[in-house]
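Accompanying notes for the structure given below.
The values are calculated or read from the model by the stated rules, or taken from the named source; none is laboratory data. No experiment lies behind these values; they were computed from the predicted model shown. All Cβ positions, glycine included, derive from the backbone under ideal geometry; neighbour counts span all protein chains shown. Side chains included, ligands, DNA and RNA excluded: accessible areas come from the protein's heavy atoms. Shrake-Rupley method; radii C 1.70, N 1.55, O 1.52, S 1.80 Å.
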Amino acid sequence: MERSLAQLILPIKIENSSERLTSLGGLVVLEELARGVRLWEEVDRVLEGPKSGRGYQPREFVRALVWMLHAGGRRLEDLRELRAEQDVLKELGLEVVPDAGTTGDWLRGQGQAGAEAMQQVNQKLIESCLAQEPEELILDVDATEIEAAKQDAEWTYNHVQGYMPMLGYVNGVCVGYEFREGNQSPGAGILEFAQNCEATLPKGKRIYFRSDSAAYQAAVINHYSQPGRSFTITADQDTAVKREIQNLPETAWIPYRTQDDIATDRQIAETVHSMNGTEQAFRLIVLRWPNPQPNLFEASAYCYHAVATNREEPAREVIWKHNGRGQSENWHKELKSGLGMEQMPCGQFEANAMYFAIGVLAYNLAQVLKRRVLPQSYGTATVATLRWKLYRLAAKLVRHARCWMLRVKADLEKLELLQSARLCCARLQT
């Protein structure tokens with residue numbers, strides 16, 4: 001007999017229910033999308049399976065973690081919330097939910113090799129997202145800081161023990177990642193990383209590379225000076241760059257206006273510059289503004305910001321384009337805050353690399369969902385919005401006419417959204 005709890009402030013009694021209920025009815029769309037693009041089959045293909053026939057398959061670990069991250073879980077222990085609804089969720093596609101300890105052991109077993117193999121799985125999602133992109137693709141490369149759960153990681157330049165993974169984005173889609181220790185410089189191996197990102201992109205497209213000063217290197221500039229490529233890179237204000245700025249005549253400076261044609265206190269000028277190792281000279285576009293706090297050690301009347309580029313647009317338009325790289329911080333935020341990647345759960349670097357790779361997979365799956373399945377109005381929706389409007393849907397699973405039926409509590413508009421999304425997923429499979 002079920003025991004009810006005592007009534008407290010509100011005149012409501014709380015009782016345990018034996019009915020098949022779930023608060024995650026909308027995640028059925030995510031599962032059908034993953035099956036529509038044959039994601040789990042690819043996971044089983046690229047990852048090492050169990051040594052015996054009784055072990056969990058790789059897809060069962062990855063699927064459970066992707067569901068957990070989209071549902072709002074942030075630690076491996078949050079898998080138990082999915083296990084609590086297992087009798088319902090297994091009929092929605094989440095057939096198995098390994099416990100936290102087993103999942104942690106699997107992550108350690110897969111390690112760095114598994115994290116690298118997951119890039120092949122991401123390739124399917126990248127192709128699905130970027131099929132309709134314009135002729136010029138904008139590649140944004142940036143590093144982001146992630147905390148470690150245990151105090152055994154290296155220190156970052158912000159004095160945080162954690163990691164500094166490199167990420168490459170094209171219009172919000174993560175096209176490459178490299179999990180790194182916190183003390184590794186973002187500029188180390190950045191050209192190789194960018195080339196790996198390029199390899200995932202559709203062929204025959206022009207590449208526009210944007211980065212901060214970590215990419216201000218001769219090898220990077222030479223690569224993106226080739227035909228079909230262009231770049232804007234924040235310039236390191238080394239001695240040579242400072243000399244070029246000081247040599248600019250006063251007549252070269254003109255007022256700078258924003259993209260909305262709003263006047264600012266900044267001025268813009270440009271010159272031509274080269275550095276040791278570059279095969280040809282490039283434009284150096286400089287912004288300056290009054291120094292609000294001049295001091296004895298830096299008596300300059302102005303502060304400066306310089307951008308190296310080979311693009312042909314007017315100087316202020318180049319700055320507008322380059323400033324667009326700030327959007328990568330929003331994509332970092334979506335990955336870290338939206339999908340729980342702000343802190344790694346394990347004490348081993350290799351296990352955290354694998355966990356991060358699954359986080360990137362969950363992120364890109366959300367991008368496919370917004371671009372290929374949901375209405376256009378969801379194009380800029382965050383994962384938190386998807387969770388609030390779609391995933392967190394009260395539902396009851398019932399058996400009727402020899403089949404399962406998911407009865408959801410939703411208005412007509414939400415019900416039509418679910419039905420249309422499921423049809424889109426089915427078309428992706430054909």
Phe193 being over 22 Å from Met341 (Cβ atoms) and at pLDDT 95 or above: no
The stretch 271-312, subset among the basic types (Lys, Arg) and outside any loop (DSSP other than H, G, I, E, B), residue most open to solvent (accessible area, probe 1.4 Å): Arg283
Verdict on Asn330 being part of a helix (DSSP H, G or I), open to solvent by 10 Å² or more (accessible area, probe 1.4 Å), among the polar types (S, T, N, Q) and within 30 Å of Val272 (Cβ to Cβ): no
Of all residues making up the stretch 61-105, the number that are crowded, with 16+ Cβ neighbours inside 10 Å, outside any helix (DSSP H, G or I) and touching a strand residue (DSSP E or B) at 6+ places or on another chain (Cβ under 8 Å): 1
Count of the stretch 335-355 residues which are in a helix (DSSP H, G or I), in contact (Cβ under 8 Å) with a residue 60 or more places away in the chain and open to solvent by 10 Å² or more (accessible area, probe 1.4 Å): 3
Verdict on Glu147 being open to solvent by 20 Å² or more (accessible area, probe 1.4 Å) and part of a helix (DSSP H, G or I): no
Subset of the stretch 167-204 [open to solvent by less than 10 Å² (accessible area, probe 1.4 Å), without any contact (Cβ under 8 Å) to a residue 60 or more places away in the chain, not aromatic (Phe, Trp, Tyr) and not in a loop (DSSP other than H, G, I, E, B)]: Gly168, Val170, Val175, Gly176, Ile190, Ala194, Cys197
Some residue of the stretch 106-115 being open to solvent by 10 Å² or more (accessible area, probe 1.4 Å) and not in a helix (DSSP H, G or I): no
Residue list for the stretch 116-138, restricted to those being of a type in the set (A, V, I, L, M, F, W, C) and part of a helix (DSSP H, G or I): Ala117, Met118, Val121, Leu125, Ile126, Cys129, Leu130
From the options Ile319, Ile268, Ile358, residue that is in a strand (DSSP E or B), open to solvent by less than 70 Å² (accessible area, probe 1.4 Å), at pLDDT 95 or above and not small (Gly, Ala, Ser): Ile268
